[in-house]
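Quick notes on the structure that follows.
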Amino acid sequence: MSANDAVVSTRDIIARRNRLLGPAYRLFYEQPVQFVRGEGVWLYDPDGNRYLDAYNNVAAVGHCHPHVVQAIARQAAVLNTHTRYLHETVLDYAEKLLTTFPAEIGHAMFTCSGSEANDLALRVARTCTGGTGFIVTQTAYHGVTVALAELSPSLGLSAEKDSHMRLVPAPRSAGDDTGEIFARQVRAALDDMARNGIRPAGLLVDTIFSSDGVFADPPGFLRPAVEAIRAAGGLFIADEVQPGFGRTGEQMWGFARHDLVPDLVTMGKPMGNGHPVAGMAARPDLLAEFGARSRYFNTFGGNPVSAAAGIAVLEVIESEGLIANARRTGGYLLDRLKQLQARHELIAEVRGVGLFIGVELRRAGIAGTPATRESAAIVNMLRERRVLISAAGPHANVLKIRPPLVFATDHADMLVENLDQVLQALHQA
Ligand code: PMP
């Protein structure tokens, strides 16, 4: 197939998508890319070209990991059914998953997506607190349901005037007072709820603040805000869809960096390495109250195949030492990106932890204007060089680097060298 044929076929596929799937979807990249195969940190297009995946946290243990593929295939060949029969695999999974949490978190419930997990957490929080108000960050993303789209300002939908949501700025200062500043914003939001007769139900945050632009420092900064929401009678919901399952290179969960125990934890994306399994973990006393007043059924959530996939992912994280790898490779990548910062003025800040890194681009330093256009150009130029990343943050000027946890130092080198060349090309343009 010639390059021209490939372009034509990409154009044809886009036209076919638009005809069949309609106009609401968005594709990545000016020149969208088609993949037909994946392996480890690599994705392959129809011509057999390989792309370095420095973006996808769903295939966290590597694309098409054989242990996960076999677990799914084996269970699918024996039995898959809805979740109202007794089946031990989901219990084996819950048992294994719960060992990764602090002792206070005693139950696991299963869903098919992070959105469903967050939606369930909202229901539990509303039921147990009697409140309706939720606090989220200014560029948060928490899911696709009606309730969560309202709590996802990054979607750009305007909040209803009578909304029970309050927004707080993301904790971006990374100083000794970051926790206090963030808590002050949360207290101000709680005061505003009180003035408007809204009872608080919870503070819902992504513990790595990915769509806000990746904020991990200083460790522990979330604690004062969590104390504030609890003092007001609300719950702390840790959305671990992004940082969960070892990505921070420290422990299994992003909240562990803040040395606190959430009331509810939601998880998804990497949980089945691509198989749609997600869930919520909770304090048993909360579910006792929720269960007494409500009930929960999810046709597919936690079915035998999903549970087998989930177990296999945990086994790989453990057997391949992927949390330690995220720490090692992530630390190496962070250092190399900081070296790059010394040579490229456009890089205003490099931050993150483990294999979740944000590179903030601004014209003329950290106080300068966000380099939104340059960020988009870099993401697209890297894609032309077959390296995949994306951009996040309120101005889409933070390069979002979030590779599968099997990323090694030579992959990090390849990413940094390509980024270096792209920054040079941009500078010369
Ligand atoms: N929470 C966060 C922090 C997310 O990033 C996402 C997905 N991008 C979700 C929730 C929703 O997960 P899902 O797409 O599986 O519904």
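The values are calculated or read from the model by the stated rules, or taken from the named source; none is laboratory data. These figures come from a predicted structure and were not determined experimentally. Note: ideal-geometry Cβ built from the backbone for every residue, glycine included; neighbour counts use all protein chains shown. Accessible surface is based on the protein model in full, side chains and every heavy atom, while ligands, DNA and RNA are left aside. Shrake-Rupley method; radii C 1.70, N 1.55, O 1.52, S 1.80 Å.
In table form, for the structure just shown:
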read-out	value
Some residue of the stretch 68-77 being open to solvent by less than 40 Å² (accessible area, probe 1.4 Å) and closer than 21 Å to residue 266 by Cβ	no
Residues of the stretch 113-134 satisfying the condition of being out of contact with any Phe, Trp or Tyr (no Cβ under 8 Å at 6 or more places or on another chain) and surrounded by 23 or more Cβ atoms within 10 Å (Cβ to Cβ)	114, 116, 117, 118, 121, 133, 134
Every residue from the stretch 217-242 that is open to solvent by less than 10 Å² (accessible area, probe 1.4 Å) and within 14 Å of the ligand (Cβ to nearest atom)	237, 238, 239, 240
Subset of the stretch 270-285 (residues that are open to solvent by 10 Å² or more (accessible area, probe 1.4 Å) and either over 21 Å from residue 90 (Cα atoms) or in contact with a Phe, Trp or Tyr (Cβ under 8 Å, 6 or more places away or on another chain) (or both))	276, 285
Residue within the stretch 266-282 that is more than 16 Å from the ligand (Cβ to nearest atom) and over 30 Å from residue 225 (Cβ atoms) present	no
Of all residues making up the stretch 44-60, the number that are buried (at least 19 other Cβ atoms within 10 Å of the Cβ) and either part of a loop (DSSP other than H, G, I, E, B) or within 20 Å of the chain's Cα centre (by Cα) (or both)	8
Residues located in the stretch 78-105, provided they are closer than 18 Å to residue 288 by Cα and open to solvent by less than 30 Å² (accessible area, probe 1.4 Å)	94, 105
Residue within the stretch 18-26 that is out of contact with any Phe, Trp or Tyr (no Cβ under 6 Å at 6 or more places or on another chain) and touching a residue at least 24 places away in the same chain (Cβ under 8 Å) present	no
Listing of helices (runs of 4 or more DSSP H) fully contained in the stretch 61-168 that carry 3 or more residues being in the same structural domain as residue 259 (by TED's automatic domain parsing) and within 14 Å of the ligand (Cβ to nearest atom)	114-129, 146-150
Hits in the stretch 13-43 - residues which are in a strand (DSSP E or B) and either surrounded by fewer than 16 Cβ atoms within 10 Å (Cβ to Cβ) or in contact with a helix residue (DSSP H, G or I) (Cβ under 6 Å, 6 or more places away or on another chain) (or both)	37, 39
Some residue of the stretch 248-265 being surrounded by 24 or more Cβ atoms within 10 Å (Cβ to Cβ), within 16 Å of the ligand (Cβ to nearest atom) and among the β-branched types (Val, Ile, Thr)	yes
Looking only at the stretch 196-212, and only at residues there that are out of contact with any Leu (no Cβ under 8 Å at 6 or more places or on another chain) and under 13 Å from residue 151 (Cβ atoms), the one that is farthest from the ligand (Cβ to nearest atom)	211
The one condition in (1) farther than 16 Å from residue 99 by Cα; (2) of a type in the set (S, T, N, Q); (3) within 12 Å of the ligand (Cβ to nearest atom) that residue 298 fails to fulfil	(3)
Failed item, numbered, when residue 388 is tested on (1) of a type in the set (A, V, I, L, M, F, W, C); (2) crowded, with 20+ Cβ neighbours inside 10 Å; (3) over 30 Å from residue 155 (Cβ atoms)	(3)
Matching strands (runs of 3 or more DSSP E) fully within the stretch 269-371 where at least 2 residues are of a type in the set (A, V, I, L, M) and closer than 30 Å to residue 66 by Cα	278-282
Residue under evaluation residue 395, criteria (1) part of a helix (DSSP H, G or I); (2) within 29 Å of residue 113 (Cα to Cα), criterion not met	(1)
Residues located in the stretch 172-212, provided they are in a loop (DSSP other than H, G, I, E, B), touching a Gly at 6+ places or on another chain (Cβ under 7 Å) and open to solvent by less than 70 Å² (accessible area, probe 1.4 Å)	198, 207, 208, 212
Residues being without any contact (Cβ under 8 Å) to a residue 40 or more places away in the chain and either β-branched (Val, Ile, Thr) or in contact with a Gly (Cβ under 6 Å, 6 or more places away or on another chain) (or both) - total across the stretch 276-291	0
